[in-house]
Structures are given as structure tokens and as C-alpha cells.
Amino acid sequence: MELSNETQKKLERYVNLLVNYPVNLTAYKDVNSAYENLILDSLIPIFSDNGFSSSKKVVDVETGGGIPGLVWAICFPEKFFYLVESVKKKAAAIKSFIEELNLKNVKVFDERVEDFAKRYREYFDYATCRALARGDIALEYLTPLVKIQGLVSLFKGPNVFHDEWEYIQKALNIFKLSQEKIIEYEIEGGKKKRYLLIFKKLEKTAKIYPREKGIPKKYPIGESI
């Protein structure tokens, strides 16, 4: 990854803001661990994603403290990012970070994705999430947001193919997605194998998705008959 000095300084500033914010935004309490497990984890796979490089409008759902959306906004000023976060205290924190870092290419929405999707349906080139939900549930939230031929990506850990793959495959069929690419990468000196799963949207999403609040998690699409 080739990052300018200005970008590197903004990333370092952001990590300090994230770790030291009065409301708990991350499990990592020291800057080095947060940089490795949050910043690098957000950036390493995306530089191998050709679909992301050609995307202009990107949405990150339930972004928490801004991972990965705010990291990407810092590194890719030519793109525009929408960060959706339903917890208002976290959304307020992200807004303060954006102001502190003087970022002009990112907006924050403090609402649930089910409501957000009503206004921004099939609007984005690229949608992502990190630690939102099991793969099939996450796909129900993300797929309605992207255009036909748009991309959906999921950050997943080493057990995804054992624990989630069956459910993801059912969701791909329901939401008319094709498997575009699987990027395997490692952080912490190779101790943690991770994946960025990337899917392409082939057809319009049925208007019933995402279902009403609470339903996708209570009745996951990947467990439907």
C-alpha cells in the first residue's frame, strides 16, 4: 500500500481519536493494536479489489466507530462515502472525527439500515459491512442498497466457510448475486487469516427486502426453505 504522508498522519490521528474517545467504540485500548486490527484490516484486502477501485459511491452499514468506511474515506478522497450507524452515540462520535480530520467526502446517518434503504435503494456502486451479522443476514441489509452490477462485500473471519457458507449460498440465490471474488489476507504477522467476500448484484432486489426491523435476524433468509 502506498499512502501519502498526509494520509498516514490522518490515519494515525483517527486511531488516537478512536481509542481515546469517552464512549467505548472499540475493544482495542492501545493505538498499535487498533491500527493493526482495524486500520490495516480495512485496507489490506481493498487494494486487491478491482471493483472497489472503480466505484464512486460507497456505503458502510453499522460502521461502529467508522470501520471500514471512515478509513476508506481518509485514503480515497476521490470517492464519496455514506456511513450508516443506528447507535446515536457512535454516530455522534464519527461526526466529531470527520470534523476533526476535515473530511469532505463522507456523510453519517444515525438510523437503522431498514429506514435508510427506503431512501437510498439501488443508489450505491459498492456496499460493505464489518461484524454486522451472519453473512446471509448482512446480504439482506446490503443488497437493496446497490445498483444492478454493483458490488457487496463482507469482512469475515477464518470460520466463515464452516459456519456461514451454507447460509450465504442460499442468500445469493434469493438476492440474485454472483460470487465475484474471495480475497484471503492475514494480519498480526499471519496469526489471523481473514477474508473479504465480494458479490455482484445481477438483478433488481425484490421490494420486500430488507424486511421490517428485527425480522432479518429473527428469521434469517439463509434458513428459509
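From L18, L101, L83, grab the single residue that is open to solvent by less than 70 Å² (accessible area, probe 1.4 Å), over 27 Å from K217 (Cβ atoms) and touching a helix residue (DSSP H, G or I) at 6+ places or on another chain (Cβ under 7 Å).
It is L101.
Considering every residue within the stretch 92-104, establish whether at least one is touching a residue at least 24 places away in the same chain (Cβ under 8 Å) and either under 25 Å from E164 (Cα atoms) or part of a strand (DSSP E or B) (or both). So far as the stretch 92-104 goes, no, none of its residues is touching a residue at least 24 places away in the same chain (Cβ under 8 Å) and either under 25 Å from E164 (Cα atoms) or part of a strand (DSSP E or B) (or both). In the set L132, L142, L197, L172, only one residue is buried (at least 18 other Cβ atoms within 10 Å of the Cβ) and part of a loop (DSSP other than H, G, I, E, B); that residue is L132. Can you name the condition, by its number, that K90 falls short on among (1) among the basic types (K, R); (2) open to solvent by less than 10 Å² (accessible area, probe 1.4 Å); (3) out of contact with any helix residue (DSSP H, G or I) (no Cβ under 9 Å at 6 or more places or on another chain)? Condition (2) is where K90 drops out.
Report yes if E2 is without any contact (Cβ under 8 Å) to a residue 60 or more places away in the chain, open to solvent by 50 Å² or more (accessible area, probe 1.4 Å), of a type in the set (D, E) and in a helix (DSSP H, G or I), otherwise no. Let's see the steps before the verdict.
Details: without any contact (Cβ under 8 Å) to a residue 60 or more places away in the chain: yes; open to solvent by 50 Å² or more (accessible area, probe 1.4 Å): yes; of a type in the set (D, E): yes; in a helix (DSSP H, G or I): no.
It is false that E2 is without any contact (Cβ under 8 Å) to a residue 60 or more places away in the chain, open to solvent by 50 Å² or more (accessible area, probe 1.4 Å), of a type in the set (D, E) and in a helix (DSSP H, G or I).
The values are calculated or read from the model by the stated rules, or taken from the named source; none is laboratory data. All values derive from a computational prediction rather than experimental measurement. All Cβ positions, glycine included, derive from the backbone under ideal geometry; neighbour counts span all protein chains shown. The accessibility values were calculated without ligands, DNA or RNA, using every heavy atom of the protein model including side chains. Shrake-Rupley method; radii C 1.70, N 1.55, O 1.52, S 1.80 Å.
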